[in-house]
Structure formats: structure tokens, C-alpha cells
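Visitor: Supplied in C-alpha cells, the structure appears directly below.
Rule-based calculations on the coordinates, nothing more; no lab input. Keep in mind that what you see is a predicted model, and the values were worked out from it rather than measured. All Cβ positions, even for glycine, are placed from backbone atoms using ideal geometry, and neighbour counts span all protein chains on display.
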Amino acid sequence: MVFNYARMARVTDGINGGLSGKLGEVIFYTMNGGNYMRSLPSKKRKKTPPTPRQALQRERFVAMQEWLRPITPLVREAFRYYAPRQTGHNAAMSYNLKNALVRVDGKFEVNPEVFSFSVGPLPEAYRPSVHQDGAVVRFKWDIEKNALNVNHLDRTMLLLYREGQRYSEFLTYGNERWRLSDSLSLEDYKEGDVCHAYIAFISAKNQQVSNSVYVGMLTIEAF
């Protein structure tokens, strides 16, 4: 039988005495008539460089995380019920990593026309449009002639996304669907900002949402 003495502590002064030595990650010792113990210093682990696959996944994750950062409260609300076992933010990450991320010249980017801030069962915006009107951006849409009236009280969810910026304008629980128009302020925007416009609907009754629709790209003019 072989004993590993490096993991053993010695009993001093009989069975009722103290311990001396190392036991696992703890050192026992006696000083000034008292018995003490301390943990061993933690060992610094060498960082293993990521595999090419891991590095690629990290690049994808970072690209999507940066895109979602300015609109985190919006996607948390819009994707809240998309995947019951995920937070709204994580569900938005997962959905758009799969559907909206592209690789251009070796770099991962989000395709604005494919990106979705909302995915759900409500009817989408029908024939939406967007234009700048002075210091606001106005969204308009129609209602299909044969559409059921049950969705006429759905509220707008609007997004004006500024690519590469830390802030984007968005709105939840805006105008009702039957009003056929809504707007976002340009107060914090400046001339030349390039923005992507999106619209979706949310039920104030049960918080179900529609798929978001990409309405178009705007270059903000002086106002």
C-alpha cells in the first residue's frame, strides 16, 4: 500500500491535540501555543488560447451583442415570450445570430434588412412607409380590407436604429393600429445620421407581438 503523505496532516499531542501539516488545500500549523489553519495560495492557470472555432463564435457573439446594446430594453420586451427558457435579450441574440448575421470581408456584420427586433404571431404591419417630417420621423401603414377587427387596438413598436452608435430611438406601446400613423422624435439625432426604420405591433392585452418589418433606410436631413 502506498500513502500520499503530501495530503496527510499529523496529529500532535495525542488524539486530543492539534493537526500539523497539509490536508488537501489547507495547511494546519501551531504558533504561540495556538492551532491555526490557512488555505494554500491559488494556482494560476495558464490561459489556453481559443480554438479557431471558438474564436469564430466569439466574434459572432460580440458583433451581435454590440448591435443589440442600444436597444436592449426593446428586445427584452419584444422577445419576452419567444423562448420560455430564455430571457428576451438572449432569445433576440439567438434568433438574429441564426438569421441576420453575415460575414463581409472576413468580418461579421448584421444585415439590417433581415434583422428582427420582434418575432410573434400578431399580423405584421401592412404596406408600411417612413419619412422625415422636420424634427420627427413619421411611420405610416395600411390595414388590409379583409383583416379581422380583433387586432385594431394593437399598439405600435417603432425603432429608428443608428448603426455604430450607442443610442437609438425606439417606442413601445405607441399608437393603436387603427390610427395608421405614429412618429419618433429626432431630438437626439443630427444631420447625416444614417438610420434603419422598423415597425411591429404589440397587444396591450396579452403582450403578444408581431414580426418586426424593415421599413427602409433614412439619412437624416437638417431640421
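Visitor: Averaging sequence separations of C-alpha pairs under 8 Å and six or more residues apart, then dividing by the length of segment 52-219, give the relative contact order as a whole percent.
Guide: 23
Visitor: Per residue of segment 163-180, what does 6.51 cos²θ - 1.76 cosθ + 1.60 with θ = phi - 60° give for ³J(HN,Hα)? Whole Hz please, x for Gly and Pro, Karplus curve as stated.
Guide: Karplus-based 3J(HN,Hα) across segment 163-180 equals 5, x, 10, 7, 9, 9, 8, 8, 9, 10, 6, x, 5, 5, 4, 5, 6, 6 Hz.
Visitor: Counting Lys and Arg as +1 and Asp and Glu as -1, what is the net charge of the other residues whose Cβ lies under 12 Å from the Cβ of residue 59?
Guide: Details: positive: 53, 58, 60, 103, 107; negative: 66, 109.
Cβ neighbours under 12 Å give a net charge of +3.
Visitor: What ranking do 157, 64, 31 get, fewest neighbouring Cβ atoms within 10 angstrom at the top?
Guide: 31, 64, 157
Visitor: Here's a follow-up. Taking amide H positions as placed in the peptide plane 1.01 Å from N, state which residues far from residue 201 in sequence (5 or more) or on other chains have amide H under 5 Å from it.
Guide: The answer is 157, 210.
Visitor: By count of other Cβ within 10 Å, fewest leading, how are 189, 81 ordered?
Guide: 81, 189
Visitor: Please list, ordered by chain and number, the residues whose modelled amide H lies under 5 Å from the amide H of residue 183; skip anything fewer than 5 residues away on the same chain.
Guide: Answer set, sorted by chain and number: 139.
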